[in-house]
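Only the coordinates and a few stated rules stand behind these numbers; no lab work does. Because the structure is a prediction, the values reported are computed rather than measured. Here the Cβ is made from the backbone with ideal geometry for all residues, glycine too, and neighbour counts use every protein chain on show.
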Amino acid sequence: MRRSTERILTTHVGSLPRPPELVPLLLAKDSGQPYDAAELARRVPQAVRAVVARQAAVGLDVLNDGEQSKSSFVAYPYTRLGGFTPTERPLGSRAVTRDALAFPAVYEEQRAMYAARPSKRGRPAARPALVCTGPISYVGQQDVQADIANLRAAMQGVAAEEGFLTAISPNNLALNYANEYYRTREEYLFALADAMREEYRAIVEAGFVLQIDDPWLATHYDRSPGATIAECRRAIATGVEAVNHALRGIPADRVRFHTCYSVNVAPRVHDMELKDFVDLMLQIHAGAYSFEAANPRHEHEWQVWETVTLPDDKVLMPGVVSHCITLVEHPELVAQRIARFAGVVGRERVLAANDCGFATSAAGDEPHPDVAWAKLEALVAGARLATERLWG
C-alpha cells in the first residue's frame, strides 16, 4: 500500500456517479429482475474506463472502478451469495435510530418526501432484500473476476499510484439480510465472513488493494437505541473478529478498512464518537483506516489521534471533504484538515480521501454528480497546498 513519502497522496472511498443509462440495468441485476446481460456486459467496461480516466484527470492518485458494476455497495451481493431467498421486504434495516427518536418530525418529513419521489436519477425508493434460508456460499466468482478485468484494462496507460476494489463487510450483510437458517447471529456472521473471504482474496491476488466497506461499525450505536456504549462495544468487538476471520491469510498492507455514518443528511447528534470505538477499529487487520473527518459532527475528532497510538505500519485515510454537505470545500480548508492529521501521525502516513461514497447510497441522499466531482477536485487541490507546506 502506497504511502505519502514525497507528497500527500489522494484517493476516495469508492462509489462514484454511474452513467444514467447504466443504472436501470444494475438495479435489475442486483434485485433479481430480468435484464439484458449482453448490454450490461458492454456498458460496464465503458463506464469503468470513463470513470478511471476522469479520476486520473482530476489528479487522484489511488483509483478504483467507481463501483460501476454495482447498483450500491449493499445490494450487489444479491447475485454473489448462495443460500439466500428473495423477499418482498425492502433492503436495509428499518430499526428506529436514536436520532429518529430525537427528531421525529424531521425524520418523518424526510420519509414522506422520499416516498413522494420514488426515483432519483433512475433509482427506485427501495430494493427487495434477501433472507438466509440455507448454508451460505460464494457464487460471485465470475462477477468479481469481471470487476478485476475491467479495472485492470481501464488502468492501462493511466497515471496512477495504485488501484483498489471495494467489497462489503460481513457485518453489513448481517445487518441488511435477515437470517432464518443459522442458530445464532454470531454463527451467521462468521458464515458470511467465510463466503466473502473468497471475494477478498480474489481482489488481493489480482494485485489490487482491497477496501472493506463497513459502515455498520460506526452506525451500530445509533441503530441500537436501547443499548449502552459498553454493549455496543461488545457487539463491535465481535464484528471486528468476523472481519479478521474473513481477512485471515491476507497481508494487512493490502487492505483498507472504511467505516462511516452512512449517507444520512439529517440531524445527527447520536453518532458514536470515534474515541469510543477507535481502539476496536485498529484491531482490524488492515494497513489503512478510512473514517469521517470532514462531517461537521466529527471534524473535531482529529484530536483523538493525539491520544491514540497508531501502529508504525498503519496509515490514516481521513475524509477531508464531506459527502453530506452540498457546499464544495475550499482547498485551503482541505489543506488545513490534512495538516492536522500530518501533524499528529506524520505526513507520510496520511492519504487524503472523502468521508463516504458519492453515488447510489442506500439512503438516497448522495450529492449531484457535478458536486461530487467538484469536491474531488477540491480534495486534490487541497492536497497540493498541504504538500507545499509539509515538504517545503
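What is the extension gain from Leu40 to Val158, computed as 0.36 nm multiplied by their sequence separation minus the C-alpha to C-alpha distance, in nm to one decimal?
Between Leu40 and Val158, full extension yields 40.1 nm more.
Hand me the trypsin sites (Lys or Arg not before Pro) from region 206-264 located in a DSSP loop with no more than 13 other Cβ atoms within 10 Å, in residue order please.
Taking region 206-264 and a limit of 13 other Cβ atoms within 10 Å, the loop trypsin sites (Lys or Arg not before Pro) found are Arg248.
Using Cα positions and a limit of under 14 Å, work out the aspartates and glutamates in reach of Lys70, with same-chain residues fewer than 8 apart set aside.
Lys70 reaches Glu21, Asp30, Asp143, Asp147, Asp213.
Using a Gaussian network for the chain with springs between C-alpha atoms less than 10 Å apart, which of these wobbles most: Leu60, Leu379, Leu81?
Judging by the Gaussian network model, the answer is Leu81.
May I ask you to list the chymotrypsin sites (Phe, Trp or Tyr not before Pro) in region 322-392 that are in a DSSP loop and have at most 16 other Cβ atoms within 10 Å of their Cβ?
Within region 322-392, no chymotrypsin sites (Phe, Trp or Tyr not before Pro) qualify (loop, at most 16 other Cβ atoms within 10 Å).
Order of 153-166, 12-25 by packing, highest average Cβ count within 10 Å first?
Output ranking for 153-166, 12-25: 12-25, 153-166.
If you take every DSSP beta bridge fully contained in the chain, what fraction is antiparallel? Give it as a percent rounded to 5.
The antiparallel fraction comes to roughly 25 percent.
Could you work out the local net charge near Ala246, counting Lys and Arg as +1, Asp and Glu as -1, over the other residues with Cβ closer than 13 Å to its Cβ?
Summing Lys/Arg as +1 and Asp/Glu as -1 gives -3.
Mean Kyte-Doolittle of at least -1.0 and a Cα length of 27 Å or more along the axis: which whole DSSP H helices of the chain meet both?
Those that clear 27 Å and a mean of -1.0 are 37-58, 185-205, 369-391.
In 10 Å bins starting at zero, report the fraction of Cα pairs in region 233-280 per bin as a rounded %.
In whole percents, the pair-distance histogram is 18, 45, 29, 7, 0.
Hey, can you grab everything whose amide H is under 5 Å from the amide H of Gly83? Only 5+ residues off in sequence or another chain; H modelled, so Pro and N-termini drop out.
Under 5 Å from the amide H of Gly83: Ser137.
If I take R0 = 41 Å and measure r between the Cβ atoms of Ala95 and Arg389 in this structure, what FRET efficiency does the formula 1/(1 + (r/R0)^6) give, to the nearest 0.05?
After rounding to 0.05, the efficiency reads 0.35.
Can you tell me the FRET efficiency between Leu327 and Gln145 if r is taken as the Cβ-Cβ distance and R0 is 45 Å, rounded to the nearest 0.05?
0.65
Report the Cα-based extents of region 9-391 along its three principal axes, largest first, to the nearest Å.
55, 50, 46
Out of residues 5 or more away from Ala129 or on other chains, whose amide H comes under 5 Å of its own, with H placed 1.01 Å from N in the peptide plane?
Those qualifying (amide H under 5 Å, at least 5 residues apart or on another chain) are Thr87, Arg89, Leu91.
In debye to the nearest 20, how big a dipole does region 9-391 give about its Cα centre with +1 on each Lys and Arg Cβ and -1 on each Asp and Glu Cβ?
The dipole of region 9-391 has a size of about 540 debye.
Considering the chain, which cysteines have no disulfide-compatible partner, defined as another cysteine with its Cβ under 4.7 Å away?
Cys132, Cys232, Cys324
Post the alpha-carbon centroid distance, region 224-249 to region 255-325, in whole angstrom.
Centre-to-centre distance over Cα atoms comes out at 16 Å.
Quick one: net charge of Leu173's neighbours, Cβ under 13 Å, K/R +1, D/E -1?
Here the count lands on -1.
Go ahead and run the numbers for FRET between Glu88 and Glu6, Cβ-Cβ distance against an R0 of 56 Å, rounding to 0.05.
Result of the calculation: an efficiency of 0.55.
Using 0.36 nm per residue, how much length does the chain from Arg297 to Ala105 gain when fully extended, once their Cα-Cα distance is taken away?
Value of the extension gain: 67.1 nm.
Starting from the Cα-Cα distance between Val308 and Gln33, subtract it from 0.36 nm times their residue separation and give me the gain in nm to one decimal.
Between Val308 and Gln33, full extension yields 94.2 nm more.
Give me, ordered by chain and number, the residues 5 or more places off Ile168 or on other chains with an amide H under 5 Å from its own placed amide H.
Counting only residues 5 or more places away or on other chains, the set is Asp213.
What does the helix-only formula give at 222 nm for the chain: each DSSP H stretch with n ≥ 4 adding -39500 (n - 2.57), the total divided by the residues, and the result rounded to the nearest 500 deg cm²/dmol?
Computed mean residue ellipticity for the chain: -12500 deg cm²/dmol.
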